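J.: Here you go, one structure.
Nothing in this text is a laboratory measurement; each read-out follows from the coordinates by a stated rule. As the structure is a prediction and not an experimental result, all values here were calculated from the model. For neighbour counting, all protein chains shown are included, and Cβ atoms are generated from backbone atoms with ideal geometry for every residue, glycine included.
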Amino acid sequence: MQPIFDFFFDQYSGYPTLFIILEIIAVIFGFLSVWYSKQNNILVYPTGIVSTIIFVYLLWQWQLLGDMMINAYYFSMSIYGWYIWTRKVDPEHYTPITSTTKKEQIQSVFIFLGTLLFVFAVYEYFEKWNNWTAYVDTVTTAIFFVGMWLMAKRKIENWIYWIIGDIISVPLYFYKGLTFTSLQYLVFTIIAIYGYKAWKKNLRNDLRPA
């Protein structure tokens, strides 16, 4: 049992206790945020904001710039999403779950490509191309940027981007030595799959004639 424990958590032996506690808190609030998103509950945003603020601090300390930018972007988009989700489209209804339009699909492509170029420039400027994970970071950052934008607009396709990004992130974060975060993304993947199914059911119900 001890070798298994060491395999998963030995990388924390040199971490300050504060960092470990903060990561656990951020992971817990991250779980809550994704769960509330699956439930189509507005609490996705306040819980997500707590998680992202902590991760921005931790990832800056660990010099994981791509991951830090993801969470900084999550924070700003959480504020935007909070506003969109509470905005009424008429006197009785809030912004509903919908599918992306052709225009939004094109915008998603531009956000993805623009993010790739931006993150590449940041890594180039700070000379962070010292590990193969940096290249994967640029891709996952772009995937999550699109996913967060679509979630803020309450588009069902956001879950597809989350699922793809989460699957990539599970082994990536474990390799980086962030075991708790890796496990978080594993659970995120499972929740995202159920979230897509739940939102799809919700969308179908909304499309049914009254």
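J.: Report the chymotrypsin sites (Phe, Trp or Tyr not before Pro) located in the range 78-133 that are in a DSSP loop and have at most 16 other Cβ atoms inside 10 Å of their Cβ, or state none.
T.: For chymotrypsin sites (Phe, Trp or Tyr not before Pro) across the range 78-133 that sit outside H, G, I, E and B with at most 16 neighbouring Cβ atoms in 10 Å, the list reads PHE126, TRP129.
J.: Taking the Cα-to-Cβ direction at THR101 and at ILE42 and moving 7 Å from each Cα, how far apart do the two end points lie in nm?
T.: Taking the two extended label points, one gets 2.5 nm.
J.: Using the charge dipole of the chain (Lys, Arg: +1 at Cβ; Asp, Glu: -1 at Cβ; taken about the Cα centre), state which of THR179, ALA152, TYR74 has its Cα farthest towards the positive end.
T.: Positive-end residue among those listed: ALA152.
J.: Calculate the tail of P(r) for the range 144-210: the fraction of all Cα-Cα distances greater than 16 Å, expressed in %.
T.: For the range 144-210, the fraction of Cα-Cα distances above 16 Å is 51 percent.
J.: Among GLU104, GLU127, GLU23, determine the one that fluctuates most according to a GNM of the chain built with springs between C-alpha atoms less than 10 Å apart.
T.: In this elastic network of the chain, the residue with the biggest mean-square fluctuation among GLU104, GLU127, GLU23 is GLU127.
J.: Let me ask something else. Sorted from fewest to most neighbouring beta carbons within 10 Å, what does the list VAL136, VAL44 look like?
T.: Fewest-to-most Cβ neighbours within 10 Å comes out as VAL136, VAL44.
J.: Taking 0.36 nm per intervening residue step and subtracting the Cα-Cα distance, what contour gain separates PHE118 from TYR57 on full extension? Please list the in-between numbers first.
T.: Values: separation 61, 0.36 × 61 = 21.96 nm, distance 2.06 nm.
Full extension of this stretch gives 19.9 nm more.
J.: Among all the lysines, which ones have a C-alpha under 19 Å from LYS88's C-alpha, if same-chain residues fewer than 8 places away are not counted?
T.: LYS88 reaches LYS153, LYS155.
J.: By how many degrees, between 0 and 90 and to the nearest 10, does the Cα long axis of helix 17-38 differ from the longest principal axis of the chain?
T.: The two axes meet at around 20 degrees.
J.: Which whole-number percent of Cα pairs in the chain have a distance greater than 25 Å?
T.: Summing the P(r) tail past 25 Å for the chain gives 39 percent.
J.: Once every DSSP H run of n ≥ 4 in the chain is given -39500 (n - 2.57) and the sum is divided by its residues, what mean residue ellipticity at 222 nm do you get, rounded to the nearest 500 deg cm²/dmol?
T.: -26500 deg cm²/dmol
J.: At R0 = 30 Å, how high is the FRET efficiency between VAL109 and ILE79 if r is their beta carbon distance? Nearest 0.05 is fine.
T.: Using R0 = 30 Å, I get an efficiency of 0.75.
J.: Round to a whole angstrom and tell me the spacing of the C-alpha centers of the range 137-210 and the range 38-78.
T.: Between the Cα centres of the range 137-210 and the range 38-78 lies a distance of 14 Å.
J.: Let me ask another. Could you calculate the FRET efficiency of TRP132 with HIS93 from 1/(1 + (r/R0)^6), where r is the beta carbon distance between them and R0 is 35 Å, rounded to 0.05?
T.: For R0 = 35 Å, the calculated efficiency reads 0.15.
J.: Magnitude of the Cβ-charge dipole of the chain, K/R +1 and D/E -1, about the Cα centre, nearest 20 debye?
T.: For this selection, approximately 980 debye.
J.: Now a separate question. Label ILE167 and LYS197 with points 7 Å out from Cα along Cα→Cβ: what is the distance between them in nm?
T.: Label-label distance for ILE167 and LYS197, simple model: 1.6 nm.
J.: Over the range 96-210, what portion of Cα pair distances is larger than 17 Å, expressed as a whole percent?
T.: For the range 96-210, the fraction of Cα-Cα distances above 17 Å is 61 percent.
J.: A follow-up question, please. Roughly what angle does helix 44-61 make with the longest principal axis of the chain, taking Cα atoms, 0 to 90 degrees, to the nearest 10?
T.: Rounded to the nearest ten degrees, it is 30.
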